[in-house]
């Protein structure tokens with residue numbers, strides 16, 4: 001890299017980079033050294049450009065990127081060495097990138113995110129929580145090998161995400177080894193005034209109580225073997241039955257002070273459109289292609305006694321939005337491929353991927369898609385102008401009601 005700062009004037013060609021301008025100077029001051037040629041702001045810029053370029057798959061690719069970036073779109077980047085990039089993954093702290101991620105998350109909102117369910121209070125956030133795994137090579141992140149041998153999931157990194165469904169963006173994330181139970185992490189991520197949507201992996205009375213203590217609510221799918229004592233049964237409305245609910249009970253659970261609500265749901269899903277579905281064994285086995293319909297049985301637990309059953313069912317159905325986000329992050333954005341081997345470097349890469357995602361949402365006002373990412377690819381490779389990116393944003397904008 002050169003001795004000068006990232007050239008702010010040339011950010012105008014990359015309009016989705018503009019929200020970063022006020023952070024670059026702060027990043028520049030981190031870990032100063034007279035012999036340092038690769039600064040934090042330059043390292044972050046290279047990581048972001050790597051995610052916006054499908055040809056970049058390694059640190060050596062990042063070195064070539066710093067050499068061959070089109071002159072009229074260069075941000076002040078110059079040649080850097082492989083050793084400098086490797087050192088940066090150990091020297092720079094992920095915490096400043098986390099602060100940028102949280103700041104952008106507050107600004108970002110996708111107009112094509114799911115609509116707010118009718119009847120859901122306007123001051124109530126709808127947050128989906130889930131965890132996803134990255135499988136690492138055995139020589140990566142030796143810290144992930146620590147722990148009881150029988151419980152440790154070797155060579156796996158787990159990201160614990162809280163996803164804002166109605167804004168279409170991640171709101172918080174924590175990274176741990178694959179052995180850490182997500183039920184131990186979510187209590188540290190709780191905020192007040194939210195409705196948390198959880199799958200069966202989060203079934204825990206202690207966690208449910210923590211959510212209530214944080215002045216929030218939850219809708220959680222529970223296992224069939226959970227025991228409760230029915231206090232009384234609510235009558236279902238035609239709208240609730242249409243939504244798939246066939247039982248609505250107010251119940252008490254041992255260890256829970258407040259009365260809760262158990263709603264049984266039967267949902268019919270259309271068969272998969274995948275021509276060659278991936279078949280798995282056990283409870284995750286894929287249904288047969290010959291099945292005309294797939295019947296799903298849900299048992300939902302919630303503390304919201306005031307909401308109609310159909311609203312509870314609709315809120316839980318929105319949990320799938322976080323799975324769609326995981327596919328974007330790991331498949332479309334290619335965040336499955338790791339550029340670093342240290343735990344610190346992996347976190348830097350993960351936060352850079354999240355920042356790259358949020359920058360697109362802030363500028364376009366919509367959820368990132370493969371088509372929009374391809375338009376950015378073509379622009380950065382010099383094959384199209386920025387007007388083509390704007391045209392793609394306008395073309396795929398949600399229709400006005």
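Could you calculate the contour length gain from residue 95 to residue 337, that is, 0.36 nm times the residue separation minus the distance between their Cα atoms, to one decimal place in nm? It would help to have the intermediate numbers written out before the result.
Working: separation 242, 0.36 × 242 = 87.12 nm, distance 2.17 nm.
Contour length minus the Cα-Cα distance gives 84.9 nm.
How large is the convex hull of the C-alpha atoms of the stretch 197-262 per residue, in Å³?
Hull volume normalised by residue count: 104 Å³.
Stretched out fully, how many nm does the piece from residue 111 to residue 226 gain, at 0.36 nm a residue minus the Cα gap?
Result: 37.5 nm gained on full extension.
Which whole-angstrom value gives the distance between the alpha carbon centres of the stretch 344-380 and the stretch 222-261?
One Cα centre to the other: 41 Å.
When the C-alpha atoms of the stretch 318-401 are aligned to their principal axes, what extent does each axis show, in angstrom, from largest down?
44, 38, 18
Show me, bin by bin at 10 Å from 0, the whole-percent P(r) of the stretch 165-227 based on Cα pairs.
Bins of 10 Å from zero give 19, 52, 27, 2 percent of pairs.
Which of the peptides 349-357, 250-258, 312-320 is most tightly packed, and how do the rest follow, judged by the mean count of other Cβ atoms within 10 Å per residue? Let's see the in-between values first.
Working: 349-357: 23.3, 250-258: 13.0, 312-320: 20.4.
Taking the mean over residues of other Cβ atoms within 10 Å, the ranking is 349-357, 312-320, 250-258.
So how far apart, in nm, are the two label points at residue 206 and residue 370 if each is 7 Å from Cα heading toward Cβ?
For residue 206 paired with residue 370, the spin-label model returns 4.2 nm.
Taking 0.36 nm per residue of sequence separation and subtracting the Cα-Cα distance, how much length would be gained by fully extending the chain between residue 156 and residue 124, in nm to one decimal?
8.1 nm
Here, each number is a calculation from the coordinates, and none is a lab measurement. Because the structure is predicted, anything quoted here is derived from the model rather than measured. Backbone-built Cβ (ideal geometry, glycine too); neighbour counts: all protein chains shown.
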